[in-house]
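Asks: First, the structure itself, so that you have it in front of you.
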Amino acid sequence: MKILGPYVRKQWHNELIALLATVVMAAAALWQPRLLQHMMAAIIANQQNRVLNLGIQLVGFAVLGIIAGVLNTVFSARAAIGIATELRADMYKQVQSFAFADIEQFAASKLVVRMTNDINQVQGLVMAILQMVARVPIMFIGALTLALLTIPQLWWTLLLMIVFTVILAIIGMRRMTHYFGEVQGYIDDVNNIARENLMGVRVVKSFVQKPSEERKFAASSDKMADVTVKIGYTFSYMMPGFFLISYFAIGLGVLVIGRNIGAHPAYLAAIASFVGYLMQVLMSIINASFISTGATRAFVSLHRIGEVLAHKSSMQYPDGPAQRLPGSIEFDDVSFTYPNDEQPTLEHLSFKVAPGQMLGIVGATGSGKTTLAQLIPRLFDATTGSVKLGNQDVRTLSAGTLRETVAMVMQRATLFSGTIAGNLRQGKPDATVSEMQWAAGVAQASEFINRLSSGFDAEVAERSANFSGGQKQRLAITRGVISQPPVLIMDDSTSALDARSERLVQEAFNRDLKSTTTVVVAEKIASIINADHILVLDHGKMVGYGTHDELLKSSPVYREIYLTQKAKEANI
């Protein structure tokens, strides 16, 4: 609950009104059986004026209770939604500050569940607290006291009902506490399977894996269903059990009063009020047990939310103004090992790239090319050694400086739903139309953007499904070059382009980005054959560094890659 403290304090005015409305609602509900008792006595005594007066009071208290109930619901909802909204916003902001390693630690799909389902559980808990928690003790103590004042001789029926009801509630709560913890875990599993299946739907359909994926989803869903059914079974015996106990207590009370009605005729008018108070005591216990059960599930969710909010990013940035640095790059004895891995991905890399030069990186699959590229904008930190931009260690630079200095275009082009202009302005927030046109020309994206009726205002569908792979890559390149960054990293980001388009992009880079240091990760040597420096990786180690001609003579690994690709081109 410590997590909710700051958020609860911000909603104090809504919470205060909700609690005051709860007190009024409870008081009105408690006084109505008392008025009913007096009305029954007046009817027996044939006091018509008193019956009318009490009837008006009874209606008035009922209306007052309804108004208080409406106010309680409205302001409870305002408080609960306000708390959930701020909590979700802070959680999203926290996730945005995470490094890649932190996202992988929690898993993206599970973070989505925590920001949606778990926060909804907490919202429901706050709503329940404001609607029921204050009301339950008032109703329980008030109804118990008034019941004892109404017919003191039946105290033992109240005691029996309370004891057996509480025992039943404790048994049910213990079972459901365990079940609710399991349900939250299964929700994570189902969400993860569904997300992977939907994102990889083309793979599923291409390999005709629909039956297999359906079985996998059904197995996980069935586990969640089994636990949910157990929760339902628990509820199914608790509610009838509660009312069976209360009806048994009522029956005993009516039986005792009926046998002694001659000695206590006033009990004839009081029996209805006593039954009303007895039911209010019962409902207070039932509501308390259900609140406790729901709170158990909400506390599990709150703990999961707290884990995210309390997690400190594995990568901290120093404060400082955003500035552009010269485009020089230097690796000084850099090694890197992924978290939880034993073998290093990169080992003892040392090289320098001057501003405006082009560095090509080649190597077999899994040699560490992308990992190396990701160390430059500090998506990961080097395990040992230092990476420098503009002669400054990247760990001493502010996040703004890094983003101003380095732009990265990844192999898998990721565009966000919205418009083309909206996506391009992620690279430069104040980009003008003329700057977009220039960048699109460099990336060879003007060819298809100009054919769209809305131009740069054309819609980008969810997961950019309305564009081909090549178009998405060209838009991603446009976004990368629009700010004319000092350092541009191209992580195999022309793989979906045809040979002509790729050649035109390279020519545009040489012509329009002469002052930009370009780092190109490539599978094809043809993409980096004219680079100022080519770095050859093999199992995370640098086995070659120089120009194309130099490496053909000095690097067996590079020469093998080149000859293999040349042979394939000849066969084609």
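Asks: Say whether the condition of being touching a strand residue (DSSP E or B) at 6+ places or on another chain (Cβ under 6 Å), under 14 Å from V406 (Cβ atoms) and assigned by TED's automatic domain parsing to the domain that holds G540 is met by at least one residue in the range 334-351.
Replies: No, the range 334-351 contains no residue that is touching a strand residue (DSSP E or B) at 6+ places or on another chain (Cβ under 6 Å), under 14 Å from V406 (Cβ atoms) and assigned by TED's automatic domain parsing to the domain that holds G540.
Asks: Residues D512, D492: which one is closer than 24 Å to T414 by Cα and not small (G, A, S)?
Replies: Result of the check over D512, D492: D492.
Asks: Give the residues of the range 266-318 that are under 42 Å from the mean Cα position of the chain (by Cα), assigned to a helix (DSSP H, G or I) and among the polar types (S, T, N, Q), sorted by residue number.
Replies: Scanning the range 266-318 gives Q280, S284, N287, S289, S292, T293, T296, S301.
Asks: Show the residue pairs that are 6+ apart or on different chains and have beta-carbon atoms under 7 Å apart, the first residue being within the range 57-68 and on the phi < 0 side of the Ramachandran plot and part of a helix (DSSP H, G or I), the second being among the hydroxyl-bearing types (S, T, Y) and surrounded by fewer than 15 Cβ atoms within 10 Å (Cβ to Cβ).
Replies: Filtered contacts from the range 57-68: no entries.
Asks: Now, a different point. Given (1) in contact with a Lys or Arg (Cβ under 8 Å, 6 or more places away or on another chain); (2) among the aromatic types (F, W, Y); (3) within 30 Å of G253 (Cβ to Cβ), identify the lone condition not met by F180.
Replies: Unmet for F180, out of (1) in contact with a Lys or Arg (Cβ under 8 Å, 6 or more places away or on another chain); (2) among the aromatic types (F, W, Y); (3) within 30 Å of G253 (Cβ to Cβ): (3).
Asks: So T157 fits all but one of (1) under 42 Å from the mean Cα position of the chain (by Cα); (2) in contact (Cβ under 8 Å) with a residue 60 or more places away in the chain; what number is the exception?
Replies: Every condition holds for T157 apart from (1).
Asks: Name the single residue, out of those in the range 75-103 being aliphatic (A, V, I, L, M) and surrounded by fewer than 15 Cβ atoms within 10 Å (Cβ to Cβ), that is modelled with the lowest pLDDT.
Replies: I103
Asks: In this structure, does S350 turn out to be free of Cβ contacts under 8 Å to residues at least 12 places away in the same chain and more than 34 Å from the chain's Cα centre (by Cα)?
Replies: Here the answer is no, as S350 does not meet what is asked.
Asks: Being farther than 26 Å from R395 by Cα, aliphatic (A, V, I, L, M), in contact (Cβ under 8 Å) with a residue 24 or more places away in the chain and in the same structural domain as R195 (by TED's automatic domain parsing) narrows it down to one of A89, A84, so name that one.
Replies: On inspection, the qualifying residue turns out to be A84.
Asks: Please work out which residue is surrounded by the fewest Cβ atoms within 10 Å (Cβ to Cβ), limiting yourself to the range 405-442 and to residues that are under 30 Å from G540 (Cβ atoms) and over 25 Å from the mean Cα position of the chain (by Cα).
Replies: Per the criteria, the residue is Q411.
The rows are residues; the columns are (1) surrounded by fewer than 19 Cβ atoms within 10 Å (Cβ to Cβ); (2) of a type outside the set (S, T, Y); (3) under 14 Å from the mean Cα position of the chain (by Cα).
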| site | (1), (2), (3) |
| --- | --- |
| I43 | yes, yes, no |
| N53 | yes, yes, no |
| A62 | yes, yes, no |
| T73 | yes, no, no |
| F106 | yes, yes, yes |
| S109 | yes, no, yes |
| V112 | yes, yes, yes |
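Asks: A further question on this structure: Just one of the numbered conditions (1) assigned to a strand (DSSP E or B); (2) touching a residue at least 60 places away in the same chain (Cβ under 8 Å); (3) hydroxyl-bearing (S, T, Y) is not true of T414; which one?
Replies: If we test T414 against (1) assigned to a strand (DSSP E or B); (2) touching a residue at least 60 places away in the same chain (Cβ under 8 Å); (3) hydroxyl-bearing (S, T, Y), just (1) comes out false.
Asks: For residues in the range 277-304 being farther than 20 Å from A28 by Cβ and of a type in the set (S, T, N, Q), which is surrounded by the fewest Cβ atoms within 10 Å (Cβ to Cβ)?
Replies: S292
Asks: With out of contact with any Pro (no Cβ under 8 Å at 6 or more places or on another chain) and under 21 Å from H533 (Cα atoms) as the only criterion, which of V353, V433, V406 stands out?
Replies: V353
Asks: Output the number of residues of the range 5-18 satisfying the condition of being touching a residue at least 24 places away in the same chain (Cβ under 8 Å) and surrounded by fewer than 20 Cβ atoms within 10 Å (Cβ to Cβ).
Replies: The total comes to 4.
The values are calculated or read from the model by the stated rules, or taken from the named source; none is laboratory data. Note that the structure is a prediction, hence the values are computed from the model and not measured. Neighbour counts run over all protein chains shown; Cβ positions are idealised from the backbone, glycine included.
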